[in-house]
Each structure stands twice: as C-alpha cells, then as structure tokens.
Amino acid sequence: MLYKIKDCFSVIEMPELLSPAGDFSSLMAALRSGADAVYIGLEGCNMRARADNFRVSEVAEAVERAHDHGSRLYVCTNTALRDDDVERLKNIFPELHSAGVDAVIASDLAAVDLAAECGLDVHVSVQANITNTRTLTILRDMGVSRAILSRELSLREIAGIASASPVEVEVFVHGALCTAISGRCYLSSYLYGRSANCGDCLQPCRKSWRLVSEDGEFDLEVSASEAVRSYLLSPADLCMIEHIPELVDAGVHALKIEGRGRPADYVATVTGVYREALDRYLSGEWRFEERWLSELRKVFNRGFSTGFYFSEPENGSSGNISEYIKEDIGEVVNYYRKVGAARLRLWRPLRVGDEVIIQGKTTGALIQRVKSLQIEGESVEVAEGGEVGLLVEDRVRPGDLVYRRVKRPDS
C-alpha cells in the first residue's frame, strides 16, 4: 500500500515497510520498531517450518496487536500443496477471514483461488517467481491484489513492471538470498529428506563445498584471482539500505524484510534501521548514514550485497559474520512502572555500560545500554549474579529473557 506524503513541491509516494515475525516476541519487535505491516507463518503450511510460527488459534490475537499499532498483518500459506493441504486450507481460510487478517500470502494457485473465494485479500508469494506484467494481469483476474516480484529481477526491470502493473508490487530489500531461483531447491530434500519447497530446508548450501570437474578443467573452489571460494552455494545477504531513494522512485508498493526464522532483536534492529532511512528520504532530506550499516552488522548476517538489483550476485558468504553475539544472562522478575525500573535475576555478570537485549512475547525486543544498576538499594558498577535493579527505557514484563550483546571472541 502506497501512502502519499506532500512536500512543498510534489507528492511523494511512501511504500509500506513489511517486517517478518516468527513468534509474538518478533511481532511486537516489528510493531514497536515502525513496521507498517508484519507477515507471519501459519503452522504447517508456510516456508519457514522450523520457525515457531503461529497456530490458527493465535492469529486473532496477532491481528489485534498489529491493528492496535495501526499496522496490518499478513499470513503466509505459501508452500507446495497436496490435495490434503488444500482440504485443510478450505477450513482454515474462513477462520483467517473471521480473525480479520489483512491478506494471505500464497504461491499455489489452489490457495490463491480458495483465499479469494473466502473474501480474503491475496498476495502472491515470491515462490511463484513472477517476472512479467502479463502474469500480473492473469493474477489480478483471479482476485490477487499484490504480487511479490522475483528476487532475480534488476531494479530497472522492477521499475518497468511497477509502472505497468495492474496490481500492487512488493520486493525484498534485506535478508537471506537463496542460490536457487525463488528458493526452489532440491538439495535439502536429496541430502536430508527435508523439502525446501515445503518450508523445511536445512540449508546445506550454507556449508563449505568443493566443486572440481572430473577432467580438472574447472575448479570452482578457486576464483580467477586465486582466492579460495569454499562457500560456493551461499550468497551474501541482501542489503539495500544504501539505495532507499532508488527503491522508492521505482514505484514499488512494499519493501519487504526477510527473516521469519530470526529472533526479536534482529527484527527490531533491521526494521528500525529501514524505518529511519525511509522516513529520512521521505522528509526530503536524504543522507545515507554509515551507522545504519553498523547497526545491521550487529545482528546475524553473512555479509551484504545488493543481490540482482544492479548485477548478478557473487556467492561467497561464510555463515554469520556479525561481530557480536548474544549471551543469555538472566530474566525479568518484576517491573516497577513509577520508577521505570526492572528487577532481574542474573546467572551471568552484568556491568554498567553493557548493551542488553530484553525480549518477550509482549515486550518484543528492548535494546539499550545499562545506565544504572542497584543491589539492595545501593548503586553498583557490576552485578555478578542474583537479583539486581536495572533502569529500563520502556516497559518490560516478568519472564522476559535478558541477553548481553558482546563482541564475538574471534572478531
């Protein structure tokens, strides 16, 4: 959905910022960080089977939380479907409609047809690998209101499609890239019996591989510059934070962040950075901030690239290269609203100046520096363990988990 914002000279169309959520903590992290919409997976029929996902009975609560924040909620049902799956969706879609979901994301035409038949707004998944406007016209006639374009399109091609599309178009701007077209890969199924096309990929592509032709003519482990490329099948993550102006000017309706398998602090960090960047551009005072990249590098990443937007991406990531890790150090015991403080139970040390992450189903992810610690009413610089008071910048809840963000030992 595009929002029109007027400045002194023109009308700027603002694309929707769409964030992922694998559980309620991530949902709240996205909403509190400025997501216009959040997409979640439905247990048993989405492309992140190993994420926590949401049960049908939890969708109404998720919708209520999103709407309370003025945001929309989309539900993914985008795996390859067998006849039994289609029968199941016949029962599920009316429940989603009653729950008030704003759209379902589907790739199988049976799911598209069923959802439209139930009166649901339908977005077609990137799994459908849409690369042309004629397909979009066909989908519009089936009742589709939006399509997520293939990741293999260039920015120029996307702009051309957006200008002629009869439906809204959405594109991915951040997160994991797959070595297979639109994620249609058999490697996990072949090696582990776990199908990527049913959302159960174990990502063997992220391992170190060596590929040498039998006659020795081709050795893909070594590049032309003699550099070793052992992560042949693992592309670096997509990151388009430096290219917000080009994305907005291309006329797309939604910018999508990948990551329903990522924790709440990842969702909060990435959503917050893209929210700030989008708002900066739409204020008419665009200036790229290096600190945005610094923040994005603090959470899980395999290094960054611009994917297919400007050229074909190079493979060569080596797993998570973030310089920081999360250390599980405690939990919230109580929250005192009047003084803006929490009582924590620690099982690892915490110091003034440390960066902490407090995550929970309702809290989302609160990320802040430790400014003050108290033990039995006395200020301390270090708490080695046990119960301690912490000034917090927002409300937290008993049972929330507490992490300390620390530099990776080998960074």
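Here, each number is a calculation from the coordinates, and none is a lab measurement. A quick note: this is a predicted structure, and the numbers were derived from the prediction, not measured. Using ideal geometry, Cβ is built from the backbone for each residue, glycine included, and neighbour counts are taken over all protein chains shown.
The table for this structure:
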| item | result |
| --- | --- |
| Calculated [θ] (222 nm, deg cm²/dmol) that DSSP helices of n ≥ 4 give over the chain, each run adding -39,500 (n - 2.57) | -8000 deg cm²/dmol |
| log₁₀ of I(q)/I(0) at q = 0.13, 0.17 Å⁻¹ - the range 267-405, Debye sum with one point per alpha carbon | -0.68, -0.97 |
| Tensor-based shape of the range 324-407 (alpha-carbon gyration tensor, a/c under 1.5 rounded, otherwise prolate or oblate) | rounded |
| The chain - share of DSSP beta bridges that are antiparallel (%, nearest 5) | 60 |
| In the chain, lysine pairs closer than 24 Å at Cα, eight or more apart or cross-chain | 17 |
| Protection proxy ranking, peptides 14-26, 109-121, average beta carbon neighbours within 10 Å, highest first | 14-26, 109-121 |
| Cut-off under 5 Å, modelled amide H: who pairs with Val38 long-range | Ser19, Arg72, Leu73, Tyr74 |
| For Met240, residues with placed amide H under 5 Å, excluding near neighbours | none |
| Hz values of 3J(HN,Hα) by residue in the range 291-307 - Karplus curve (6.51, -1.76, 1.60), Gly and Pro given as x | 5, 4, 5, 4, 5, 5, 6, 6, 9, 3, 7, 10, x, 10, 8, 9, x |
| Point-to-point label distance, Asp279-Thr131, nm (Cα→Cβ direction, 7 Å offset) | 3.9 |
| Assigned charges on the beta-carbon of Lys, Arg, Asp, Glu; the chain dipole about Cα centre (debye) | 800 |
| Relative contact order (%) - criterion: Cα under 8 Å, at least six apart; region: the range 66-172 | 21 |
| Normalised contact order of the chain, rounded percent, pairs of Cα under 8 Å and 6 or more residues apart | 16 |
| Read-out P(r) over Cα pairs in 10 Å bins from 0, in percent, derived from the coordinates shown; its label in [x] 4, 17, 25, 22, 13, 9, 5, 2, 2, 1, 1, 0, 0; [y] 4, 20, 27, 22, 14, 8, 4, 2, 0; [z] 5, 20, 29, 25, 15, 5, 1, 0 | [z] |
| Whole-Hz couplings from phi, Karplus 6.51/-1.76/1.60, listed for the range 137-151; x for Gly and Pro | 5, 4, 5, 4, 5, 8, x, 7, 10, 8, 9, 8, 6, 4, 5 |
